[in-house]
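Written below as structure tokens is the structure these notes are about.
All of the numbers you see were taken from the coordinates with simple rules; none came from a lab. Since this is a predicted model, take the numbers as computed values, not measurements. Backbone-built Cβ (ideal geometry, glycine too); neighbour counts: all protein chains shown.
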Amino acid sequence: MSPRTPGADLPEHPDFLWRNPEPKRSYDVVIVGGGGHGLATAHYLAKNHGITNVAVVEKGWLAGGNMARNTTIIRSNYLWDESSAIYEQALKLWEGLEEDLGYPILFSQRGVLNLAHTLQDVRDSVRRVEANKLNGVDAEWLEPDEVRKVCPIVNTSADIRYRVLGATYQPRAGIAKHDYVAWGFARRASEAGIDLIQDCEVTGFATDGNRVTGVRTTRGDIAAGTVALCAAGHTSVLTDMLGIRVPVQSHPLQALVSELLEPVHPTVVMSNAVHVYVSQAHKGELVMGAGVDSYNGYGQRGAFHIIERQMAAAVELFPVFARAHLLRTWAGIVDTSPDASPIVGRTPYDNVYLNCGWGTGGFKATPGIGWALAHTIAHDEPHPNVAPFALDRFVSGALVDEHGAAAVAH
Amino acid sequence: MQLIECPWCGPREEVEFSYGGQAHVPYPDTPGELTDEEWARYVFFRDNTRGRFAERWHHSAGCRRWFNAIRDTATYRFERVYRLDEPRPVTP
């Protein structure tokens, strides 16, 4: 038998989904941050506004930050009108995204249950359900026996530390495959002529009065007509360079997966009170998220006692998980804001737009914020969906308090 | 588990402590004269430094006293702990 070339029997390398161009010296728009929000913004700049002289600069690899680390939950059951508007528009875009991108994203509308464990939880949840209905968001209040019908493995017995007193249910909510989402946006943006530039860290900004004229990067200086900051947990590193104060605090947020299991969990369950949220990915692993680590941190890792607490909560709520094995844990860096709502819009620089403060919940907004931020850049005017989330609300006092609906403790 | 050095109790496990955010943020001297913008700065805006950060910690499951620490937010290493009546140490 003659020796074979190693790898000769492997299939051909699949087509690359995007080009890896050298940065040009100048672009109309430079988006800092090649995660979900940055890539979605690039896609809609090209698709909705015909703006393609755009660079997305990313210090690591595309979608390797929070886009690779989130628990992929998509829902729009937020309390206030301002939040409903942007999250519900995002959900409608999710519903047509696979077709728009021409790429599979495994969007699965399996519903989400937000559990209530105290009488105050119940009152807040019922209020949120009614607010959702008024805003055209699908929402129901479920009693414990109805919770058990939607998700039979939830422990709704009385013999539990924090009893399940009911849950809000959004049937149209669900999960998607986060990597595929990023790749789908990246592929479309690249096809449209937008340059996605990886391994390109912004180290400073060139300014002229109230304008930023370009970004300094590890791959050279790049002139920019407009700059959009989509750096999530690392936003403050950029705004510190610009001398802009932004009221976000960066925290590690941890998540974990079990080994692959047979399908046991038909929906998504979130519990704010006991700090765990769980779904089962298409492959079969249980995906669980925790509350944030309390201290400020940029290390993309957290403390193990947070994981232990989260597992204790998970096993109490889902006794069937007791024999599952933890496979791996990781952390992303989330930029939490004082009212648990995003900060989007103008900055003290005329041509710099901010998109941050999404905290623990940015993934679900990906297409919605991409749509609205692209509009904002193209028209040099905040899109109505992001206008309520301007930086100046912390001076005016017009906060959009979503700590209840954020569903992740922070 | 990370050990945190309480200035009074010595090194104890991280779970005994709770976090108090940025240190050295004094209450305004003349609160009646502050503008909305200045109030916003005091109430909502804190530094979010990547690197050495002066912050407050509480030994909540121990001696229940507050102290300050210089901690690196990228490595999570505690470089210095000091009492509230001590000035912020100069770190190299």
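Worth a mention:
- Phi-based couplings in Hz for region A:396-403 (Karplus 6.51, -1.76, 1.60; Gly and Pro marked x): 6, x, 7, 6, 10, 6, 10, 4
- Net charge of Cβ neighbours under 9 Å - reference residue B:69; Lys, Arg +1; Asp, Glu -1: 0
- Rounded, prolate or oblate (a/c below 1.5 giving rounded, otherwise prolate when a/b exceeds b/c) for chain A by Cα gyration tensor: oblate
- Degrees between helix A:366-379 axis and first principal axis of chain A (Cα, 0 to 90, nearest 10): 30
- Average partner coverage of A:393-403, which counts Cβ from other chains inside 10 Å: 2
- For the segment A:336-345, counting C-beta atoms of other chains within 10 Å of every residue's C-beta and taking the mean gives 1.
- Where a label projected 7 Å from the Cα of residue A:134 along Cα→Cβ would reach, residues of region A:71-105 with amide N under 14 Å: A:78-85
- Pair residue A:259, residue A:28: separation of 7 Å Cα→Cβ label points (nm): 5.4
- Fraction of antiparallel bridges per DSSP, the protein assembly as shown only, in percent to nearest 5: 75
- Other residues with beta-carbon under 10 Å from the beta-carbon of residue A:324 carry, at +1 per Lys or Arg and -1 per Asp or Glu, a net charge of -1.
- Here is the list for region A:37-119: chymotrypsin sites (Phe, Trp or Tyr not before Pro) lying in DSSP coil, each with at most 15 other C-beta atoms within 10 angstrom of its C-beta, are A:61.
- Cross-link reach is defined here as a Cα-Cα straight distance under 15 Å, omitting same-chain residues fewer than 8 places apart; for residue A:133 the aspartates and glutamates meeting it are A:81, A:82, A:88, A:124.
- Net +/- balance of residues flanking residue A:37 in space, Cβ distance below 13 Å, scoring K and R +1, D and E -1: -1
- Backbone phi angles across region B:58-68, fed through the Karplus curve with coefficients 6.51, -1.76 and 1.60 (θ = phi - 60°), yield HN-Hα couplings of 10, 7, 6, 10, x, 7, 6, 10, 7, 8, 10 Hz in residue order; Gly and Pro are listed as x.
- Any cysteine of the protein assembly as shown lacking a neighbouring Cys Cβ under 4.7 Å - listed by number: A:151, A:200, A:230, A:356, B:63
- Counting neighbouring Cβ atoms within 10 Å and putting the fewest first, the residues A:79, A:39, A:10, A:115 line up as A:10, A:79, A:115, A:39.
- Phi angles across region A:299-306 convert, under the Karplus curve 6.51 cos²θ - 1.76 cosθ + 1.60 with θ = phi - 60°, into 3J(HN,Hα) values of x, 6, 8, x, 8, 6, 5, 5 Hz, Gly and Pro given as x.
- Region A:170-265, relative contact order in percent, only Cα pairs under 8 angstrom and at least six apart counted: 14
- Low-density loop positions, chymotrypsin sites (Phe, Trp or Tyr not before Pro), region B:6-92 - DSSP coil, at most 15 other Cβ in 10 Å: B:8
- Residue order, fewest to most beta carbons within 10 Å, for A:250, A:279: A:279, A:250
- Cβ charges +1 (Lys, Arg) and -1 (Asp, Glu), total dipole of region A:189-281, debye: 380
- Taking amide H positions as modeled 1.01 Å from N, with prolines and chain starts lacking one, the residues under 5 Å from residue B:80 and 5 or more places away or on another chain are B:70.
- About the Cα centre, charge dipole magnitude for the protein assembly as shown (Lys/Arg +1, Asp/Glu -1 at Cβ), debye: 840
- Under a 5 Å amide H cut-off, with hydrogens placed 1.01 Å from N, residue A:51 pairs with A:46 among residues at least 5 apart or on other chains.
- Partner shielding of B:48-55 amounts to 5, given as the average count of beta-carbon atoms from other chains within 10 Å of each residue beta-carbon.
- Assigned charges on the beta-carbon of Lys, Arg, Asp, Glu; region A:13-150 dipole about Cα centre (debye): 440
- Fluctuation leader among A:160, A:194, A:222 - chain A, Gaussian network, Cα springs under 10 angstrom: A:160
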